[in-house]
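A short write-up of the structure that comes next.
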Amino acid sequence: MPKCIIDGKELEFKPGEMVIQVADRNGIDIPRFCYHPALAVVAQCRMCAVEVEKMPKIQTACSLPAGDGMIVHTNSDKVKKTRASVMEFTLINHPLDCPICDEAGECTLQDYSFAHGAPDSRYEEHRRTFIDLDMGPVIKKNMNRCIHCTRCIRFCDEVGGFREMVALKRGNSTEITTVDGKPLETEYAGNLADICPTGSLTLVDFRFKKRAWYLAKTKSVCEGCAQGCNIDVNSENGVVFRHLPRENMEINKWWICDEGRFSFKYVNAEARVTEPTVRTADKKLDFTDWKSAVAEAKAKATGKVLVLIGSDLTLEEIRAIQAFAKDKLKDAALFHFGTPGHLKASDDKAEDKILRRTSKTSNLHGAEKLGLKGWDGQGKYDSALVFRGGRAMMLTDLRKNVGGAIIGVGVFETAAIDSYEVVLPGLSYTEKSGTIVNWQGKEQKLNKAIEPVGQSRSVADVFALWS
Amino acid sequence: MLVNNKKGFLNKFYLFEILTGLKITMRNMLFAKNVTIQYPEERRTYSDRYRGLHYIKSVNGVENCTACMLCPTVCPAECIHIVAGERPDKEKYPVKFEIDILRCCYCGFCEEACPKDAIKLSNIYEMAVSYRDKGVYDKEALLVQRGTK
C-alpha cells in the first residue's frame, strides 16, 4: 500500500483516494463545506485547503488525490491564514441571525467561524437579500444564509433522483432554488436540511420547536419500513422532536426518507391511547386501572383465540407473545400483520431505487423468522388479541372474523378502537429496547429513548399481570 | 482570677465609667444620622447594576426578544420557559415567555447571555406576592418597561 504523511502521521491509502478521505479515516479533522462523502467533488468552498510540500500553492484536500510519499500539513500558518480568509469571504453575506436560525448549535458555519474565523467583520456594504419561494411542505428555504456549497443541488442530482434544484445567476447574486420555483418532489427532501452546512435549508416540521443543544440523541433504528435505516432519535423530557439519519454504509448510508423522518408523530400524539381502557356496560370506553383492565382482558379472551402480532414489534416481544400464547391460551392461532397485502417476507419489495421498502413495518422479516404467518383475514374466532407497535395497519374490521371480545395491546389511536373491548396501552419503538430484522436479514438494536408515555407498559409487564 | 483594682468606696460604683459610656450613647442618640429609613414613604436608591425584577425591552411596541433560548439555556435556576413562534412582522418571536421569580436567583446570566438586548433586570426589588402563581411572570407582565437599561 502506498503511504502519505498527514500532520506527521504516516498513513496508508488506496490509490485514487483523496487526501480528505485519508484524513477522515484516520481522525484528522479538515474543515469543509462543500465536500460530502456521498456527493461529487466540486472543490468550490476552498475551506479544506491544505499545504503540500513541494507544491507551490495551497491545495484543496477534497480534490487532491493522495500520492505516495506526499507530505501534507493541515495546520500550518499558511493553511490557517487561508482558512481565516475563506471564512471571512464566506461570511460576507451571511446574516447574523443565529438567534433566529434553527441550525444554530449544529451549524458547520457557526462552528468553523468560531474555530477559524475572525471575531468581527470588515464588510461595510449592504448584504444581499432574497425573497424566498416556497419549497414544499418539508423544507423551508432562507437564501440569505446560503454560502453556495451546492450540496443540495448535488444531492438532488445524485441521490434524490430528481434534478430539481439549480443555481441561478452568477457570483454574488447566485440564487439556489428549485426549477421554476416549484415545490420539491423528492421523497428524501429532509436530507437537504441535514447536509446543508448552514441554516439555509431547514425542516418546516422542526421549525422553532427546540434548539438543537437541548436534544438528547439516542441511537435507534427507523421503524418506517423493512429497510431499517439507522437513526438518532432526538428527544427531550419524554417528547420526541425529530429523527436524524445515522451513518451506516451497509443499509442507509447517510440518508433517511421523509416518511421515516416524520414517523415519530404518533408517539406523543394526543390521539394515542395511554391509559388502560375498558368498555363499560353502556358500550362506552372508559379509563380504568391496570389490574382490573388486565383481569377484564383475561376473562374475555376465551375459546378459540386469534392472536394477531404486529410486524412492528421486536423479536423479544414476539417471542414473549409466542411463549404466552403457548402457556396461557388453550386454543390460539398466531399470525402477524402489518402492511396490507404483505403476508410473507417475499411480498416486501423495493419501493424506489434508494431506500424505501413496500413493507411499512420494520420487523416483517423477523416475524417470519420466528415462524409466524401473515394474517389473510380468513376464519372464524371467538375472541382476538391484537398486539400492535404503532406502525402496523389499524385493524378496524375484525368484527367479521371475531364473534366475542377484541382486546388490543400496544399503541392504538382513540379513533380506531371502536370495535375493541379492552385496550392495554403498550410501548412504541422509542420507549423500548429490542431487536428488529431488516430485509437483508441484519439484526439491529432499538434503544429506549424516552420513558413510556402515560401509563403504557411493556408486553412483558402485561403478561406478568395476566397470571 | 478576678482582680479588684478599684480602691476606695466611691470608685466601687464605677460611676466615671458609666458616665463615659452614657456620653457615647447620648452622642449617637442625639447627633448621629439615622441608619434606618421610613420605608414605604422613603426609598433607597440602588446602583444601576442592581439586579431586580426582570423585564423584556421593547422598541416601538415590538419586543426585542427573538426566542433564541439562550437565557433558559444559561439559567442555573431553570426558571425561564419560552415557546417560540412565527408571525408576519417578525420571523421568530416568543409566543410564551415565563419567568418563575420564585425560583430565580437573580444572577443576571440571562441578561448577559441575551444577544438581542432583550431581557433586563431592573432596579425593582419589591417582588412579594400573595399567591405562588402570581410569582410566575408571563410575557405581558414582563413587557412592562421597568427601567431604561
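The values are calculated or read from the model by the stated rules, or taken from the named source; none is laboratory data. Here the structure is a predicted model, which means the values were calculated and not measured. All Cβ positions, glycine included, derive from the backbone under ideal geometry; neighbour counts span all protein chains shown. Heads up: the accessible areas ignore ligands, DNA and RNA and are worked out on the full protein's heavy atoms, side chains in. Shrake-Rupley method; radii C 1.70, N 1.55, O 1.52, S 1.80 Å.
How about the range A:355-395: which trypsin sites (Lys or Arg not before Pro) there lie in a loop by DSSP and see at most 16 other Cβ atoms within 10 Å?
On the way: sites: A:356, A:357, A:360, A:369, A:373, A:380, A:388, A:391; in loops: A:356, A:360, A:380, A:391.
Here the sparse-neighbourhood loop sites are A:380.
Counting only the heavy atoms of the protein chains, how much of residue B:19 is accessible to a 1.4 Å probe, in Å² to the nearest 10?
Its heavy atoms expose roughly 100 Å² to the probe.
Would you tell me the accessible area of residue A:348, worked out with a 1.4 angstrom probe on the heavy atoms of the protein chains, in Å² to the nearest 10?
Probe radius 1.4 Å; accessible area of residue A:348 about 10 Å².
Only protein chains counted, 1.4 angstrom probe. Which residues of the range A:177-221 are at least 20 Å² less accessible in the assembly than when their chain is isolated?
Buried by the other chains: A:207, A:208, A:211, A:213, A:214.
Give the cross-link partners of residue A:373 among the lysines, using a straight C-alpha distance below 23 Å as the criterion and excluding same-chain residues fewer than 8 apart.
The qualifying lysines are A:304, A:326, A:328, A:330, A:344, A:349, A:360, A:400, A:442.
When chain B is modelled as a GNM with alpha-carbon springs shorter than 10 Å, which of B:98, B:41, B:17 fluctuates the most?
B:17
Compute the FRET efficiency between residue A:89 and residue B:148 as 1/(1 + (r/R0)^6), taking r as their Cβ-Cβ distance and R0 = 30 Å, and round to the nearest 0.05.
Details: r = 40 Å, r/R0 = 1.34.
Efficiency at R0 = 30 Å is approximately 0.15.
Can you compute the modelled spin-label distance between residue A:42 and residue A:124, with each label point 7 Å from Cα toward Cβ, in nm?
3.3 nm
Karplus couplings for the range A:211-226 from phi (6.51 cos²θ - 1.76 cosθ + 1.60, θ = phi - 60°), rounded to Hz, Gly and Pro as x?
7, 4, 6, 7, 7, 8, 9, 10, 5, 8, 10, 5, 10, x, 8, 6
Please work out whether the range A:3-90 counts as rounded, prolate or oblate from its C-alpha gyration tensor, where a ≥ b ≥ c are the square roots of the eigenvalues and a/c under 1.5 means rounded, while otherwise a/b larger than b/c means prolate and anything else oblate? Don't skip to the end; give the middle numbers.
Numbers: a/c = 1.81, a/b = 1.24, b/c = 1.46.
It comes out oblate by the Cα gyration axes.
Once both labels are modelled 7 Å past Cα along the beta-carbon direction, what's the residue A:330-residue B:117 spacing in nm?
Modelled inter-label distance: 8.2 nm.
Between residue A:419 and residue A:81, what length in nm is gained on full extension when 0.36 nm per residue of separation is reduced by their alpha carbon distance?
Working: separation 338, 0.36 × 338 = 121.68 nm, distance 7.04 nm.
In short, 114.6 nm is gained.
What accessible area, in Å² to the nearest ten, does a 1.4 Å probe give for residue B:58?
It works out to around 30 Å².
Can you give the mean number of other chain Cβ atoms that lie within 10 Å of the Cβ atoms in peptide A:96-102? Spell out each step's value before the answer.
Details: counts 1, 5, 4, 11, 10, 4, 2.
Average per residue, whole number: 5.
With all protein chains present and a 1.4 Å probe, how do A:249, A:1, A:18 order by accessible area, largest first?
Most to least solvent-accessible, the answer reads A:1, A:249, A:18.
Given H placed 1.01 Å from N in the peptide plane, which residues other than close sequence neighbours of residue A:33 have an amide H under 5 Å from its amide H?
Hits under the 5 Å cutoff: A:47, A:48.
Using a Gaussian network model of chain B with C-alpha springs under 10 Å, which one of B:37, B:82, B:18 is most mobile by mean-square fluctuation?
Residue with maximal mean-square fluctuation among B:37, B:82, B:18: B:18.
Taking amide H positions as placed in the peptide plane 1.01 Å from N, state which residues far from residue A:231 in sequence (5 or more) or on other chains have amide H under 5 Å from it.
A:220, A:221, A:222, A:246
Report, ordered by chain and residue number, the lysines lying within cross-link reach of residue A:210, taken as a straight Cα distance under 22 Å and ignoring same-chain residues fewer than 8 apart.
Straight-distance partners of residue A:210: A:140, A:141, A:219, A:265, A:448, B:90, B:92, B:96, B:116, B:139.
Stretch residue A:174-residue A:435 to full length: gain in nm at 0.36 nm per residue minus the Cα-Cα span?
Details: separation 261, 0.36 × 261 = 93.96 nm, distance 4.77 nm.
Taking residue A:174 through residue A:435 to full extension adds about 89.2 nm, to one decimal.
First check a/c for chain A, with a ≥ b ≥ c the square roots of the eigenvalues of its C-alpha gyration tensor; if it is under 1.5, answer rounded, and if not, answer prolate when a/b is larger than b/c or oblate otherwise.
On the way: a/c = 2.73, a/b = 2.17, b/c = 1.26.
Because a/c hits 1.5 or more and a/b exceeds b/c, chain A counts as prolate.
Using the beta-carbon distance between residue B:100 and residue A:347 and R0 = 41 Å, what value does 1/(1 + (r/R0)^6) give for FRET efficiency, to the nearest 0.05?
Values: r = 55 Å, r/R0 = 1.35.
Approximately 0.15, to the nearest 0.05.
What's the FRET efficiency of residue B:49 with residue B:23 using the Cβ-Cβ distance as r and R₀ = 51 Å, to the nearest 0.05? Each step should come with its number before you reach the end.
Numbers: r = 41 Å, r/R0 = 0.80.
Calculated transfer efficiency: 0.80.
For a quick check of your reading of the filter: which trypsin sites (Lys or Arg not before Pro) in the range A:46-91 sit in a DSSP loop and have no more than 14 other Cβ atoms within 10 Å? It would help to have the intermediate numbers written out before the result.
Working: sites: A:46, A:54, A:57, A:78, A:80, A:81, A:83; in loops: A:46, A:54, A:57.
Here the trypsin sites (Lys or Arg not before Pro) that fit, given the DSSP loop and packing criteria, are A:54, A:57.
Just the number, please: buried accessible area between A and B, total of both chains, 1.4 angstrom probe, nearest 100 square angstrom. Provide the component values of the computation, followed by the final result.
Numbers: alone 21460 and 11230 Å², together 31680 Å².
In total, this chain pair buries about 1000 Å².
Can you pull out the GluC sites (Glu not before Pro) in the range A:1-96 that DSSP calls coil and that have at most 13 other Cβ atoms within 10 Å? Walk me through the intermediate numbers first.
Details: sites: A:10, A:12, A:17, A:51, A:53, A:88; in loops: A:17, A:53.
When the GluC sites (Glu not before Pro) of the range A:1-96 are filtered for loop state and at most 13 Cβ neighbours within 10 Å, A:53 remain.
Using θ = phi - 60° and the Karplus relation 6.51 cos²θ - 1.76 cosθ + 1.60, list the HN-Hα couplings for the range B:87-102 in order, rounded to whole Hz, with x at every Gly or Pro.
9, x, 8, 8, 4, 9, 8, x, 6, 10, 9, 10, 10, 8, 6, 6
What list of ³J(HN,Hα) couplings, whole Hz, do you get for the range A:53-68 from phi and the Karplus terms 6.51, -1.76, 1.60, once you set θ to phi - 60° and write x for glycine and proline?
Values per residue, Gly and Pro as x: 5, 6, 9, x, 10, 4, 10, 8, 5, 6, 10, 9, x, 5, x, 5 Hz.
Ignoring ligands, DNA and RNA, how do A:112, A:188 rank by accessible area with a 1.4 Å probe, largest first? Each step should come with its number before you reach the end.
Details: A:112 30, A:188 5 Å².
If we order A:112, A:188 from most to least accessible, we get A:112, A:188.
Once you place label points 7 Å from the Cα toward the Cβ at residue A:26 and residue B:34, how far apart are they in nm?
Label at residue A:26, label at residue B:34, 8.1 nm between them.
What does the accessible area per residue of the protein assembly as shown come to in Å², with a 1.4 Å probe and no ligands, DNA or RNA counted? Let's see the in-between values first.
Working: 31680 Å² over 616 residues.
I get 51 Å² per residue for this part.
Name the lysines eligible as straight-distance cross-link partners of residue B:33: C-alpha to C-alpha under 30 Å, and not fewer than 8 places from it in the same chain.
Result set, ordered by chain and number: B:23.
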